[in-house]
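As structure tokens, the structure follows; a few thoughts come after it.
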Amino acid sequence: MERPDDGDRNRDRAESRAPNPDSPPAPSDDADDQGPTAATRTRSPSDEGVTIEDDGVVRWLLETDDRTVSVCRDIAVILALVGAVNMLLFAVSGAWPLLVAVESGSMEPNVQEGDLVFIVDESRFAGENAVEGTGIVPRDIGRQTDHERLGAAGDVIVFIPDGDPTRTPVIHRAHFWVEEGENWVRTKGEFRSQNEVTCAEIVSCPAPHDGFVTKGDANPAYDQLPRSGSDTTVISPEWITGKAMVRIPWLGQIGLGVDSIRVLTGVGSSAILIATGVLALVLLGTAVGDRGP
């Protein structure tokens, strides 16, 4: 027999088990069986890779893992960097070509055969005591003012012998400045650098025009003497293509090697460089292929 209090308690328990319409629904035990969420349905670029259809040509070229495109992309980056460096160096130098390969040992020991020398326009980085209108400090003035370049007093200049464009440019040190008609053998020349000759025995004495008398550091006599140095007259400022600032040891051997191949084969320098570039690309592509993804 139930008592009245028992009935009330039974109703309370039943009501407590009934769902409350105001409370949030309880999580379902089948949540793990539901389909993929929006986050999981989103395509991850790393899963399928970059494609032209989905990402466009530009992004595909920049991000694709395709080996051929990757090699071309790396080469393009290298060429862009080289171009940027050349533009920067040209802005600093003001001369072209920027670099000159040394072909002989006439400037030893300060400049060796096969060195690569950085050239600037003669008006750049001019010393305070440069010859007026040239930007060049010759050796005689450099010894008095402590102006040194490439291991000795005075500027090292690149010039065209006799102003003849068919001749190979020479890189020698400017020793002193002479004026037209000057007997420079008597007024400024050093006896040990003149091979004991007189002005009458030298074609360029008296000086046919204003300019520099030059000499290789390793040579016994001035370039303006017969059978000595570069065999040229006094160097007019108009024949100077630049002055040397810095030497890079041995890198000039590359350019000299290209010239040697050109002479032996008769093939132009441009063709040799293109062939070398193609070979480098093939080797680079092979290396990338062997490395794998």
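Computed from the coordinates by the stated procedures, all read-outs in this text should not be read as laboratory data. Every value quoted in this text rests on a predicted model; they were computed, and no experiment measured them. Note that each Cβ is placed from the backbone with ideal geometry, even for glycine, and that neighbours are counted across all protein chains shown.
Observations, loosely collected:
- Applying the set (1) assigned to a strand (DSSP E or B); (2) within 33 Å of the chain's Cα centre (by Cα) to PHE176 leaves exactly one unmet item: (2).
- The condition of being in contact with an Asp or Glu (Cβ under 8 Å, 6 or more places away or on another chain), closer than 20 Å to VAL111 by Cβ and surrounded by 13 or more Cβ atoms within 10 Å (Cβ to Cβ) holds for only one of ALA221, ALA174, that being ALA174.
- Yes/no for SER106 being without any contact (Cβ under 8 Å) to a residue 40 or more places away in the chain and more than 15 Å from TRP250 (Cβ to Cβ): no
- Whenever a residue of the range 125-151 is on the phi > 0 side of the Ramachandran plot, its partners that are part of a loop (DSSP other than H, G, I, E, B), lying with C-beta atoms within less than 7 angstrom and at least six residues away or across chains, give the pairs GLY135/GLU122; GLY135/SER123; GLY135/ALA126; LEU150/ASN110; LEU150/VAL111; GLY151/ASN110.
- Restricting attention to the range 132-157 and to residues that are farther than 19 Å from ASP121 by Cα and among the acidic types (Asp, Glu), the residue that is surrounded by the fewest Cβ atoms within 10 Å (Cβ to Cβ) turns out to be ASP146.
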